[in-house]
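Since the structure comes first, as structure tokens, the remarks are kept for the end.
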Amino acid sequence: MSAQAQEKTLRVDYVFSGTDKATEISLERLYSFDGWAGRTVNLDRVPVKGNGQISMTDVATGKVIYMQSFSTLFQEWKTTEEATKLRKAFENTFLLPMPSAKAAVKVELYDFFGNVCASLNHIVDPSDILIKRMKPEPAPHRYLLKSGNPQEKIDVAIVAEGYTKEEAEQFYKDAQVAVEAILAHEPFGAYRDRFNFVAIALESKDSGVSVPREGLWKDTAVGSNYDTFYSDRYLTTLRLRQMHDKLCGVPYEHIVILANTDTYGGGGIYNSYTLTTAHHPAFKPVVVHEFGHSFGGLADEYFYSDAPSPLYPYDKEPWEPNISTLVNFGSKWQDMVPEDTPVPTPVKTEGNEIYTAVGVYEGAGYTSKGIYRPVTECRMKINEAPAFCPVCQRALERLIRFYTEE
């Protein structure tokens, strides 16, 4: 760790609120607890831009102590019709190293053109008596892969949602399946010795998860529900404070939530969480796909409309490494495209080349026009794809190395 930080964690809770046109950031509360499970290298920069960033700077020296990029469910909500009619607030929680002296924390949210649409600056004094000291009470947990000290490894928490106390063993089995599915995909398999996976058996009073369209609301560990933004299969949780409260005591930096249901659904939010259903037949490919979002910052490569997506304006290069508007294609996978490859690249229809022939295929980011993907099919496009494409694999490998190498 930096000399400007302690071997402690500062948890910062914010409220992001607004409408489709207005955005506000408010500080809710500060917490602290012993230990730090986040990265200890490359602390003064971020690997990808994200839809927001948080940074901490030592007040006395101006040195950056820590930076992280992220995305939020709130920013996605801002594109919905509801956001044109209503102001809403969303919880967001970040884990930072506790500074040794006064530090300036800055949070920025970006619009989909990459411009700052809201920011908040505040000072954190580690001697502040109102920073609540948490007393971790670790939930029941098992390490499914422990490669080393949490400070040196990438720590992924596999979290139980909708499992009662009596269903804990079923959760551990499901968590093992999730870990094996992730490690079966490259580059995770090749870098397995840089990961710790810990299954945390949070107890729910009710079995299963909430389905609002059926009038079904359940008392579960992290309060997840289907019908997010009125989309049947969109399963998320808005109770981030509740979740982080319950995880305190077990080292973690990335979160995969397994829902105890066989109904298809889930989601993945970069540097926030993956949430997916453990008993649907497509569990294995879906948990890997969603982890591609939450861990890797990868975009969806599928499309279902000719209409432009509000998430990806045509005149702005997306920050996600696996899609492009060709505005700044040199920053993406241009170096991986064989010479004389046509743009757009004709779609392959036969053989394994559909997964490995890198080109510039039109259709990605939810729209069939003006946004391009690297291969015909990929884990980030369809469940049937056997692997991440070469471009996604390179992006994930770069991220793993960013977290673990100077």
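The values are calculated or read from the model by the stated rules, or taken from the named source; none is laboratory data. Only a predicted model underlies this, so the values are computations on that prediction, with no experimental measurement involved. Glycine also receives a Cβ, built like all others from the backbone with ideal geometry; neighbour counts cover every protein chain displayed. For accessibility, only protein heavy atoms count, side chains too; no ligands or nucleic acids. Shrake-Rupley method; radii C 1.70, N 1.55, O 1.52, S 1.80 Å.
Data for the structure
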read-out: Selected residue (criterion: least open to solvent (accessible area, probe 1.4 Å)) from residues of the range 123-149 that are part of a strand (DSSP E or B) and not basic (Lys, Arg); value: 124
read-out: Single match in 152, 108 (criterion: closer than 21 Å to residue 57 by Cα, touching a residue at least 24 places away in the same chain (Cβ under 8 Å) and surrounded by 12 or more Cβ atoms within 10 Å (Cβ to Cβ)); value: 108
read-out: Any pair with Cβ under 8 angstrom, 6 or more apart, that starts in the range 380-402 at a residue that is among the polar types (S, T, N, Q) and ends at one that is open to solvent by less than 50 Å² (accessible area, probe 1.4 Å); value: 383/282; 383/285; 383/286; 383/289; 393/187; 393/387
read-out: Residue selected from the range 359-372 under the condition open to solvent by less than 10 Å² (accessible area, probe 1.4 Å) and of a type outside the set (Phe, Trp, Tyr), by the criterion farthest from residue 395 (Cα to Cα); value: 367
read-out: Matching residues, the range 192-208, being over 15 Å from residue 150 (Cβ atoms), out of contact with any Asp or Glu (no Cβ under 8 Å at 6 or more places or on another chain) and open to solvent by 60 Å² or more (accessible area, probe 1.4 Å); value: 192, 203
read-out: Filter pass, residue 297 being assigned to a helix (DSSP H, G or I), within 22 Å of residue 69 (Cβ to Cβ) and within 22 Å of the chain's Cα centre (by Cα); value: no
read-out: Enumeration of residues in the range 212-238 that are under 19 Å from the mean Cα position of the chain (by Cα) and crowded, with 17+ Cβ neighbours inside 10 Å; value: 222, 223, 224, 225, 226, 228, 234, 235, 236, 237, 238
read-out: Sole residue being over 24 Å from residue 357 (Cα atoms) and touching a residue at least 40 places away in the same chain (Cβ under 8 Å), chosen from 291, 295; value: 295
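Results for (1) open to solvent by 10 Å² or more (accessible area, probe 1.4 Å); (2) under 22 Å from residue 363 (Cα atoms); (3) out of contact with any His (no Cβ under 8 Å at 6 or more places or on another chain), shown as yes or no for each residue.
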residue: 280; (1), (2), (3): yes, no, yes
residue: 288; (1), (2), (3): no, yes, no
residue: 293; (1), (2), (3): yes, yes, yes
residue: 312; (1), (2), (3): yes, yes, yes
